[in-house]
Every structure is written in C-alpha cells, then in structure tokens.
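Inspection log for the structure reproduced underneath, given as structure tokens.
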Amino acid sequence: MGNTAWVLTATALVMLMTPAGLALFYGGMSRSKNLLNTIAMSVMGYVVAAVVWVVAGYTLAFGTDIGGIIGFDSLFLSGIKVTDLWATGSIPVLLFVAFQMTFAGITVSLASGAIIERLKFSTWLVFAAIWILAVYAPVAHWVWGGGFLSKLGVLDFAGGTVVHINAGIAGLVVALMLGRRADYGKAMFPSSVTLTVLGASMLWFGWFGFNAGSELAADGIAASAFLVTNTAAAIAALAWMTIEYITYKKFTLLGIASGIVAGLVAITPAAGFVDTSASLIIGAVAGIVAFYGVNGLKKALKYDDSLDAFGIHGVAGIWGAIATGIFANPEVNELGTGLLYGNADQVMIQIEGIIVTIVYTAIATAIVFKIASILTGGARVSADAESQGLDEVEHGEKAFNLR
Amino acid sequence: MKKIESIIKPFKLEDVKDALAELDITGMTVSEVKGYGRQQGHSELYRGAEYVVDFLPKIKIEVVVVDELVDKVIDVIVKSARTGKIGDGKIFVSNVEKSVRIRTGELDNEAV
C-alpha cells in the first residue's frame, strides 16, 4: 500500500516534468516568435506518448521477452487485470504502466530541444509516435524489460541510457538531418531566461519522482536516491557557474539552470546505487563536461543542436552511465557493484550499453525521421515560415500580447 | 513655438519630469525608443554565445514651448538628465509652425 501510494505520487511528479518543466525550460530558450511552438513540442510529445504507450509501447518494452530484443503480450493492455502486481510484488501492473509512460513522454520531448524553430509540427507528431515504438520501447526493453542489456548486467537505475543518452543521440541525429536554422550564428536571443529557470526548477522537483520513484518502493534506497539526486543537481549548478565565470566573467542564470539539469541527468542512472560522496563527484563532473559539451563540442563541430539536447543530456548521460559503473556501492544497493568496490568489469559493461544504445538509436532514429518526413511531405518549414516564426505560421497564436 | 526633443536614459525620466514641472511645463509626450550613439551597444551572454545588442532602450520626451522658454527648458533638462557618463543622450530643438488644442480650438501659444 505504501509502495503503491509513493509510486502513484512519483508518477504525477514525473508527469509534471514534460508539459510544464521541460516545456518552459525549452520555451524560455527559444526566440519569442517560436516560444509556443517549442512549448507545444514538449506538450505533444507527452500527449502522443500517453496514447501510443497504452496502445503498443508498453507491451513492446515490458511484455514477455522475445529473444532479448523486444517484448510482446497484447495490444491495448488487454489481459492486464487491476489486481495484477508488477514483478517487484508490491505495486499494480497498471501503475507500472503509467509510471513508465511518463518516461517515454519525457524522452521524446527531450529530443525536441535539438530541432526547434525549423521543424514542421506535423512531422514532429508523426515522428514522436513512431519513435516511441521503434526506438524508445526496444531500448527500454533491453535495459529494463529483461532484454539483452539487462542480462549483460548494465546498470541504469532511472534512465541514463534509456532516457538521456537515447534522447540526446536522437536529437543530434535529427538536428544533423534537418540542418541548421537560417539564422544560425547570428544573435538569437532567448525569449525569457525567467521561464527557463522556472522550467528547470520544475524539472528538479519532478526528478525526485523520476529517480526516487524508480525504486518502485517507499524504502531506504528511494530515500537515498532522492538525496543524491538533490546533491548532484546542486553541485553541478555550482560547477557550471564557476567554470562559466572563469571563462566569461559572468554568473549567468541560464548557466546555473543548465548545470542543474546536467547534474540531474548524470545522477539518473546512478541514483539508487551510489552514496552521497559519489554524488558530489558525479554532479561536479557533469556540470563541467556538459559545459564543454555546449561551449566546446557544438561550436567546434558547428551542428545546430538548438537547445543542447545532446550537449547536456547526451554528454552528461554518457558520463552518468560510466560513473554508475565506477561508483555503484553494494552497501547502498546489493544489485550494483562498481569499479571502486572491486568489480572492474562493470565499467566495460556500462560502456557496452552506451555503445549499443548510441548505434541503435542513431540508425533507427534516422530511419524513423526519414519516414516521418516522407509521410508529412518534408520535415522542414519554408524559409518564409522560419523567418516569420512558427507560432504564427503553425499555431496562429502569439506567446504574449503585451498591448 | 519650439519643439524640444530629448533622448535620455530611461531611469532619468522622473527627474526630468519633476524639473520641468517646476517650470510650469504642463504637458509632455514620452515614448520608449531604442537607439545608439557614442555609447554603442552592450553584449549579452547565453550559453557561451555572446551577442552584441546594438540598440539600447532610451526615453524620448517631446515638449512644445513658447520661444522665450526654450533656453530655460534646455538648461533644466541638461541639469536633470545628466549623469556625466557616456550615453546621457541628446536634445534637439526645432520650429513648430502651428498648434491647436483640439477641445477648444485655441491656437498656437494659447495651445501649448
């Protein structure tokens, strides 16, 4: 009962992350003429996932395993009774379905940050639906649904590989396929850093459900995951702010918000496996590597990952997955033993999980995006629409009417 | 009649308005404008991308006064809007050929 109550609550917390937290985090960073379109991509990522998940996504990810590759029982959740309990024995299967649905929703929405301000909205809707089935569900199955990566021993407590690396790579691939925005390299002012910071704070709040909820029980490991999540976010904010101050002599609030998210991303796979001192290292390194992901990598390679879906989620996600292999402490959770506690193989297993995910996600996302593009008559809005702004062209609305 | 247009720093608006009120200047038109002169712009930093903002926000005050008041008004505006730092703004004076108070139909000096 207590476990069910906690996971019900956690599910609602994670839900808030996408159509509120991520929507505002990303929306505030987009130009004011594209603010609503950017918010709409997050909102509809969640909406599409909510439907696709109960139709087929859940059974592909968590149905009976077929050769380690995919799951399947039945469409439309048929056959699942309200009295059925999930494998952990203490929460209803239907609650597990709902909890996992919120993860599918945030993952596809996270990828949208790489491709804002130039993608056709219809392409986005079709892409989101197919991507959840063809990319998210298989990867979730491999790591969490009894597929081959879980048999290999990959540790991913709450979604470093399944959610963040997956979304970061998908974003990068689609950004490369879609091409840069016409104004790339020119001054593009974020519409509101205020909204972005509010969004980052809502993400932080929801992340307690994401990480501590992934224990699927109201117990000590959930409490530990909660605390290390908070610690990693805070130290990563300090790390990003400090390195940005050293580099540019400003304490930008956008940098602080970005650091918070980088820390949350990196602690995600490790949350139920590591102790507090490890979370300080994981968070601090996350702030620094993501800072360079955004300020170094992107500038050097000149791709237009508009809001740094790859620069933050991809880069900090990869760090977090490796760090889990280093710092997993069996005194926290007997299910995970890392390099520092004598299991040198774990780091290699983590790297294998990362590589498999990157390769599969990159190839499958490219195919899915091509299909979505063909089905909607081209993925990119016209040059006129891009300069006019997608709020007006795609939605017929304005974010603000100030007079 | 002369029109005196002053471009000033936004936070100086209250000081200038109060100083003009002491001269019994009973009306003015204020607009929020953008522009740059010798001060040039400033730069903003977003995730490592530094953008130069060319146009800075300024306030434009327009007052129309009888000829005899022009020098006094200019003097008051200069004193109240001045900080001594670059970007304090400029004052332009031009002739006004005619003025009408719409409600009463009064003309020229009666109408300013």
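The values are calculated or read from the model by the stated rules, or taken from the named source; none is laboratory data. For clarity, every value in this text was computed on a predicted model and none was experimentally measured. Cβ placement follows ideal geometry from the backbone for every residue including glycine, while neighbour counts extend to all protein chains displayed.
Worth pointing out:
- A:Leu227 vs. criteria surrounded by fewer than 24 Cβ atoms within 10 Å (Cβ to Cβ), within 11 Å of chain B (Cβ to nearest Cβ) and assigned to a helix (DSSP H, G or I): no
- A:Ala170, sole failed condition from (1) more than 14 Å from every other protein chain (Cβ to nearest Cβ); (2) over 25 Å from A:Ala372 (Cα atoms): (2)
- Qualifying residue in the range A:124-142 (condition: over 18 Å from the mean Cα position of the chain (by Cα), modelled with pLDDT of 95 or more and either surrounded by fewer than 24 Cβ atoms within 10 Å (Cβ to Cβ) or part of a helix (DSSP H, G or I) (or both)): yes
- Subset of the range B:28-63 [of a type in the set (Gly, Ala, Ser) and either part of a strand (DSSP E or B) or at pLDDT 90 or above (or both)]: B:Ser31, B:Gly35, B:Ser43, B:Ala49
- Where a residue in the range A:291-314 is within 15 Å of A:Ser109 (Cα to Cα) and its partner, wherever it lies, is assigned to a loop (DSSP other than H, G, I, E, B) and of a type in the set (Val, Ile, Thr), with Cβ under 7 Å and at least six apart: A:Ser306/A:Ile115; A:Ser306/A:Ile116; A:Leu307/A:Ile116
- Cross-chain or 6+ apart pairs with Cβ under 6 Å, the range B:44-66 first and more than 12 Å from every other protein chain (Cβ to nearest Cβ), then acidic (Asp, Glu): B:Glu62/B:Glu5
- So A:Leu35, is it under 20 Å from A:Glu397 (Cβ atoms), crowded, with 24+ Cβ neighbours inside 10 Å, more than 14 Å from every other protein chain (Cβ to nearest Cβ) and in contact (Cβ under 8 Å) with a residue 40 or more places away in the chain: yes
- Unmet criterion (only one of (1) over 29 Å from B:Ser99 (Cβ atoms); (2) within 14 Å of another protein chain (Cβ to nearest Cβ)) for B:Glu32: (1)
- If you check A:Ser191, A:Ser150, A:Ser122, A:Ser201 for being farther than 30 Å from A:Val228 by Cα, away from every other protein chain (no Cβ under 14 Å) and not aromatic (Phe, Trp, Tyr), only one passes: A:Ser122.
- Summed over the range A:82-117, the residues that are β-branched (Val, Ile, Thr) and within 30 Å of A:Thr365 (Cβ to Cβ) give a count of 8.
- Every residue from the range A:155-168 that is within 20 Å of A:Met348 (Cβ to Cβ), in a helix (DSSP H, G or I) and in contact with a Phe, Trp or Tyr (Cβ under 8 Å, 6 or more places away or on another chain): A:Val162
- Single residue of A:Gly338, A:Gly389, A:Gly311 found to be crowded, with 16+ Cβ neighbours inside 10 Å, in contact with a Lys or Arg (Cβ under 7 Å, 6 or more places away or on another chain) and within 30 Å of A:Ala233 (Cα to Cα): A:Gly311
- Filtered residues of the range A:242-282 (kept if within 14 Å of another protein chain (Cβ to nearest Cβ) and under 16 Å from A:Thr324 (Cβ atoms)): A:Ala262
- Hey, A:Gly296 modelled with pLDDT under 95 and either within 17 Å of A:Leu339 (Cα to Cα) or within 13 Å of chain B (Cβ to nearest Cβ) (or both) or not: yes
- A:Asn343 surrounded by fewer than 24 Cβ atoms within 10 Å (Cβ to Cβ), in a loop (DSSP other than H, G, I, E, B) and touching a Ser or Thr at 6+ places or on another chain (Cβ under 7 Å): yes
- Flag for A:Ala218 being away from chain B (no Cβ under 14 Å) and in a helix (DSSP H, G or I): no
- Selection count, the range A:82-96, where residues are outside any helix (DSSP H, G or I), under 27 Å from the mean Cα position of the chain (by Cα) and either among the small types (Gly, Ala, Ser) or within 15 Å of A:Gly145 (Cα to Cα) (or both): 4
- Selection within the range A:127-153 - β-branched (Val, Ile, Thr) and in contact with a Ser or Thr (Cβ under 7 Å, 6 or more places away or on another chain): A:Val135, A:Val139, A:Val143
- Criterion violated by A:Tyr360 - all others in (1) buried (at least 19 other Cβ atoms within 10 Å of the Cβ); (2) not in a loop (DSSP other than H, G, I, E, B) satisfied: (1)
- Here A:Met177 meets each of (1) outside any helix (DSSP H, G or I); (2) under 30 Å from A:Asp384 (Cβ atoms); (3) away from chain B (no Cβ under 14 Å) with one exception, condition (1).
- Restricting the range B:5-26 to residues that are over 11 Å from B:Ile77 (Cβ atoms) and either in a strand (DSSP E or B) or in contact (Cβ under 8 Å) with a residue 60 or more places away in the chain (or both), the residue that is farthest from the other protein chains (Cβ to nearest Cβ): B:Asp18
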